[in-house]
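A short write-up of the structure that comes next.
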Amino acid sequence: HNYLGAYSNILSRAGYKEYYFIDGFASTGFCKSKQTSKTIRGSATLALTVNPPFSKYFFIELDDDKIKELENLRPLFPKLNFEIFQGDCNIEIVKVLQKIADNNPLLALLDPQAGDLYWDTIQKISKKNKAELLINFPFGMAINRYMPLEDGKDIDSEMREKLNKIFGVEVWEPIYRERKKGTITPSQAREKYLDIYLIGLKQLGFKYYTVKNLKNSKNVHIYYLIFATHHRKGLEKIKDNFVEGEPERETLFFKQDIINAVYNEFAGSQKISLDIVLEKMLTGKNIYRVQDFKDALIQLEKDKKLIRINPRPRCRSFNDTDLFKII
Ligand SMILES: C[S@@+](CC[C@H](N)C(=O)[O-])C[C@H]1O[C@@H](n2cnc3c(N)ncnc32)[C@H](O)[C@@H]1O
């Protein structure tokens, strides 16, 4: 809800009048909490209750009964504009995208149950210049089921076809082979599969992304949540929400780590700016937000590793275009 609300807020403040929400695997609007088994709001109702609301909502769901429940949401939100599509998201997405002008911002939430989200669908969404994605990459919960590791078992042709559709490429297979031989650990394999996805997103123009590794109460990975956008400004705001509460941010080394990271990336550079630093370093799997980079630059200046090219009098902070070098 946080991300959806933040997204809607950012767009409305940026003056956009029309922006859309697509829930590709919408379910019913409600789900059962695993901890308390109470009914809680699902993504559809969470999206419908953000303030300000999206101009229009598109819900796609495969299951008949769930579609009926989605229809039941209409009287609860009489003022909101939403369309419901029954069918496979990978097919219905074409109809949905036809209803959205190429230049209108949209947020597509893709929260598949198992390996039901195909790369091809992401590719279609990427054609919209202002599309942003919130993808649940359910590796731990689903995709690994198509990758048997037991002795004597191997991938069959159906699994291979499925995995090719999920990843859009065949490069998952060498990783699977390494994992099966035991030369990489489960978490190394998982990171590599994630990287295939992230590289693919980048190639589709979703250059700016962030990833949250969601874990259960026993600290075991369940799924990755990926936010991806064509525009850095989109990432800047959402990243604050994504990294908030990350335990690693509370560690003793956190601040020094980002200072070192910036220093290592740019040492010897003669003419850089916050804009250049963010362009290079905000995207990716790291948990640094914009303010962290600003703080790191201030510290580098204190440490005399950063020299301003045109110092502004009595100014400690950095705006996007202040030029400096790192020595
Ligand atoms: C993980 S649930 C989504 C939960 C939802 N985001 C929420 O917060 O309540 C996945 C949903 O996708 C539906 N589904 C499965 N395969 C699908 C497909 N190919 N196209 C569309 N929906 C599908 C399932 O019926 C299920 O309701």
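For this structure, a couple of remarks:
- Test for T283: is it outside the structural domain of S8 (by TED's automatic domain parsing), under 23 Å from I125 (Cβ atoms) and touching a Phe, Trp or Tyr at 6+ places or on another chain (Cβ under 6 Å): yes
- Applying a threshold of 7 Å to beta carbon distances and a minimum spacing of six or more residues, or different chains, the list of pairs starting in segment 134-153 at a residue that is crowded, with 20+ Cβ neighbours inside 10 Å and ending at one that is charged (D, E, K, R) and assigned to a loop (DSSP other than H, G, I, E, B) reads N136/D111.
- Count of segment 5-24 residues which are open to solvent by less than 50 Å² (accessible area, probe 1.4 Å) and under 14 Å from F58 (Cβ atoms): 6
- Scanning segment 116-146 for residues that are within 14 Å of the ligand (Cβ to nearest atom), over 17 Å from the mean Cα position of the chain (by Cα) and either part of a loop (DSSP other than H, G, I, E, B) or among the aromatic types (F, W, Y) (or both) yields a count of 3.
- Residue that is modelled with the highest pLDDT [pool: residues in segment 202-235 that are under 20 Å from G115 (Cα atoms) and hydroxyl-bearing (S, T, Y)]: Y224
- Extreme residue, modelled with the lowest pLDDT, among residues of segment 170-193 that are surrounded by 14 or more Cβ atoms within 10 Å (Cβ to Cβ) and in a loop (DSSP other than H, G, I, E, B): V171
Conditions (1) open to solvent by less than 20 Å² (accessible area, probe 1.4 Å); (2) in contact (Cβ under 8 Å) with a residue 24 or more places away in the chain; (3) away from the ligand (no atom under 14 Å from the Cβ), marked per residue:
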position: G42; (1), (2), (3): yes, no, no
position: L48; (1), (2), (3): yes, yes, no
position: N51; (1), (2), (3): no, yes, yes
position: Y57; (1), (2), (3): yes, yes, no
position: E71; (1), (2), (3): no, no, yes
position: L97; (1), (2), (3): yes, yes, yes
position: I100; (1), (2), (3): yes, yes, yes
position: L106; (1), (2), (3): yes, yes, yes
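- Qualifying residue in segment 300-315 (condition: modelled with pLDDT of 95 or more, within 24 Å of the chain's Cα centre (by Cα) and not assigned by TED's automatic domain parsing to the domain that holds K128): no
- Strands (runs of 3 or more DSSP E) wholly inside segment 195-310 that include at least 3 residues being touching a Gly at 6+ places or on another chain (Cβ under 8 Å), farther than 23 Å from L4 by Cα and not polar (S, T, N, Q): none
- Selection within segment 15-28 - within 21 Å of the chain's Cα centre (by Cα), closer than 20 Å to D65 by Cα and part of a loop (DSSP other than H, G, I, E, B): G24, F25, A26, S27
The values are calculated or read from the model by the stated rules, or taken from the named source; none is laboratory data. Quantities reported herein were computed from a predicted structural model and do not represent experimental measurements. So basically every Cβ, Gly included, is an ideal-geometry build from the backbone, and we count neighbours across all protein chains shown. To get the accessible areas, we keep the full protein, side chains included, count just its heavy atoms, and leave off ligands, DNA and RNA. Shrake-Rupley method; radii C 1.70, N 1.55, O 1.52, S 1.80 Å.
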